[in-house]
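The structure appears below as structure tokens.
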């Protein structure tokens with residue numbers, strides 16, 4: 001039997017390859033009983049029930065709620081399905097409450113306490129389970145792999161080499177602990193009798209305040225939280241409907257193929273998946289009720305037919321021509337800016353947007369897609385001062401868990417929420433609580449709040465705060481070192497080619513680090529057809545196999561084959577010869593590279609960066625191994641999993 005001090009030490013220092021109960025219990029370590037039971041499931045149960053009781057929850061309710069979280073934790077940890085598990089494990093892990101009578105019997109609760117627990121059942125559980133709610137099908141966990149559609153997890157996955165911030169990242173221990181703190185506060189409030197809407201609303205309000213502080217919003221500027229970057233696109237169109245005009249809308253998109261697959265649909269007011277963040281089943285590409293049916297798109301390409309980046313002057317001339325023609329035709333225009341694209345491109349320049357604002361005034365809206373969030377609060381401020389609605393996420397550069405979006409509204413756009421009514425169909429995507437409290441236009445939305453979204457933002461905000469503690473000059477130094485490591489890794493891999501990327505420049509006030517590339521896109525020559533690059537489908541195979549323990553398939557190279565490497569999903573670009581498409585993969589520097597990956601915290605700053613840069617070499621070494629073993633891997637087609645085999649054993 002461990003003492004409380006020994007257990008607290010173990011919980012504070014989770015192993016890089018050990019089970020996740022260390023992270024799960026990090027917030028609770030000061031409330032461990034003196035003679036805590038050693039089994040992780042019961043350790044989780046005892047620690048959480050003690051924490052809740054210490055925070056004003058009636059002991060019986062504290063035990064029952066802790067049992068719910070511990071049971072879900074045990075479901076995630078396959079090695080915890082012990083025969084001696086308590087009788088409550090199965091009913092408390094169920095998606096649907098076993099009912100007040102069963103709850104009262106299991107935990108000796110009064111009828112009133114059992115009824116309360118039954119009513120708040122859907123808001124109880126682990127941070128991981130709750131963060132998986134409030135998103136569409138892309139967030140669903142594959143029961144075979146325990147990973148979502150982005151190949152990552154809301155639970156920490158510290159054994160994985162992760163340079164996937166251009167797409168999505170698994171939670172870090174730092175982010176998970178922040179989400180768990182927020183979860184525990186909500187759980188305690190619920191069990192003390194606070195209405196669910198009030199408890200969740202407080203969690204959402206805290207997330208909104210954190211986003212406002214992180215991006216430096218001024219008085220009068222507002223934030224609307226959204227389940228994803230694509231959901232913010234739909235919101236931006238809805239806000240244009242509140243502009244006080246009855247004109248048809250032209251939405252000018254910049255390189256939609258380099259933003260998100262659902263963006264062109266959302267930009268026309270169409271459903272962009274088969275379900276919504278609030279769990280409504282919908283028909284993809286069907287019109288959303290209340291949005292204008294005559295909204296049109298103009299797509300401005302950033303690459304030519306050969307995949308080469310077009311000259312900025314040509315792109316901007318095309319944008320202005322589309323804008324001027326639409327305004328002359330009596331349309332309301334939404335002009336998108338892109339900062340940055342999936343491959344790190346910026347267009348148009350802030351100076352160009354400022355010139356258009358000077359020429360055309362308020363006759364058009366600017367929506368700035370900054371969902372990659374690879375820019376400073378100073379740059380965000382410059383866009384807001386142009387009257388742009390700035391779309392951001394906490395789940396790209398900041399490396400929070402996937403599905404954490406927000407729209408930052410400049411004061412003139414925020415004022416639109418004071419009158420009118422948002423399109424009716426927006427109620428399938430947003431709750432009232434995701435909007436500012438003083439937003440009458442949102443009164444037709446459901447009264448609840450997206451709890452999973454709030455917890456994901458709390459995880460992302462922990463990463464944002466850690467990044468902001470690092471001086472800008474140090475950020476630039478680290479990103480420069482990362483670029484060198486990537487260039488060396490690609491140079492050592494025959495058949496790989498780094499795609500050129502134009503310099504990034506916004507204004508003279510840019511911080512040095514945000515002018516440096518942090519997304520590196522590369523092509524892969526097909527080993528079985530060397531006259532061309534891998535197609536998007538073939539590149540996706542490489543992406544999946546990188547995220548897979550291949551040691552069983554390639555035992556002679558097990559050291560590299562076993563490593564789990566998660567990088568950015570392939571982007572479809574033109575084949576170099578201009579015939580068909582290739583799939584370009586990406587490795588990206590995220591905020592954790594700069595602030596320090598928590599699983600490497602035992603290392604000093606120099607050694608930590610050395611480990612990160614060495615890990616880049618591992619990624620490219622595994623790519624070389626995959627390409628060399630293409631035929632064998634194509635026959636076996638192994639699947640990824642949450643853990644590598646050596647961790648599972």
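Mind listing just one residue for me: the one in region 210-240 that is in a helix (DSSP H, G or I) and without any contact (Cβ under 8 Å) to a residue 40 or more places away in the chain and, of those, farthest from residue 271 (Cα to Cα)?
Of everything passing the filter in region 210-240, 213 is farthest from residue 271 (Cα to Cα).
Might you check whether a residue that is modelled with pLDDT of 95 or more, buried (at least 21 other Cβ atoms within 10 Å of the Cβ) and part of a loop (DSSP other than H, G, I, E, B) occurs anywhere in region 345-352?
yes
Counting only residues that are touching a residue at least 40 places away in the same chain (Cβ under 8 Å), farther than 29 Å from residue 420 by Cα and outside any loop (DSSP other than H, G, I, E, B), how many does region 263-314 have?
5
How many of the residues making up region 83-114 are in a helix (DSSP H, G or I), in contact (Cβ under 8 Å) with a residue 12 or more places away in the chain and surrounded by fewer than 15 Cβ atoms within 10 Å (Cβ to Cβ)?
2
I need a count of the residues in region 372-381 that are closer than 27 Å to residue 324 by Cα and either crowded, with 22+ Cβ neighbours inside 10 Å or in contact with a strand residue (DSSP E or B) (Cβ under 9 Å, 6 or more places away or on another chain) (or both).
2
Results for (1) assigned to a loop (DSSP other than H, G, I, E, B); (2) touching a helix residue (DSSP H, G or I) at 6+ places or on another chain (Cβ under 9 Å); (3) crowded, with 16+ Cβ neighbours inside 10 Å; (4) free of Cβ contacts under 8 Å to residues at least 60 places away in the same chain, shown as yes or no for each residue.
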| position | (1), (2), (3), (4) |
| --- | --- |
| 551 | yes, yes, yes, no |
| 560 | no, yes, yes, no |
| 571 | no, yes, yes, no |
| 610 | no, no, no, yes |
| 619 | no, yes, yes, no |
| 633 | no, yes, yes, no |
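Tell me which residues, restricted to region 510-529, are farther than 22 Å from residue 569 by Cα and either at pLDDT below 95 or in a helix (DSSP H, G or I) (or both).
Those that are farther than 22 Å from residue 569 by Cα and either at pLDDT below 95 or in a helix (DSSP H, G or I) (or both): 512, 513, 514, 515.
Search region 491-515 for residues being touching a helix residue (DSSP H, G or I) at 6+ places or on another chain (Cβ under 9 Å), without any contact (Cβ under 8 Å) to a residue 40 or more places away in the chain and under 23 Å from residue 377 (Cα atoms), and hand back the single one that is surrounded by the most Cβ atoms within 10 Å (Cβ to Cβ).
Once the filter is applied, the top-ranked residue is 515.
Tell me, yes or no, whether region 385-395 has at least one residue that is in a helix (DSSP H, G or I) and over 24 Å from residue 198 (Cα atoms).
yes
Do the conditions hold for residue 289, that is, is it on the phi < 0 side of the Ramachandran plot and buried (at least 20 other Cβ atoms within 10 Å of the Cβ)?
For residue 289, the condition - on the phi < 0 side of the Ramachandran plot and buried (at least 20 other Cβ atoms within 10 Å of the Cβ) - is not met.
Are there any pairs, at least 6 apart or on different chains, whose C-beta atoms fall under 7 Å, with the first in region 130-152 and modelled with pLDDT under 90 and the second not in a loop (DSSP other than H, G, I, E, B), and if so, which?
Correct list of pairs: 136/275; 137/275.
Each row is one residue, and each column tells you yes or no for (1) within 21 Å of the chain's Cα centre (by Cα); (2) in a loop (DSSP other than H, G, I, E, B); (3) at negative phi; (4) crowded, with 22+ Cβ neighbours inside 10 Å.
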{"position": "417", "(1), (2), (3), (4)": "no, no, yes, no"}
{"position": "445", "(1), (2), (3), (4)": "no, yes, yes, yes"}
{"position": "454", "(1), (2), (3), (4)": "yes, no, yes, yes"}
{"position": "457", "(1), (2), (3), (4)": "yes, no, yes, yes"}
{"position": "477", "(1), (2), (3), (4)": "no, no, yes, no"}
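The values are calculated or read from the model by the stated rules, or taken from the named source; none is laboratory data. Remember, it's a predicted structure, so these values are computed and weren't measured experimentally. Cβ sites come from the backbone with ideal geometry, for glycine too, and all protein chains shown count toward neighbours.
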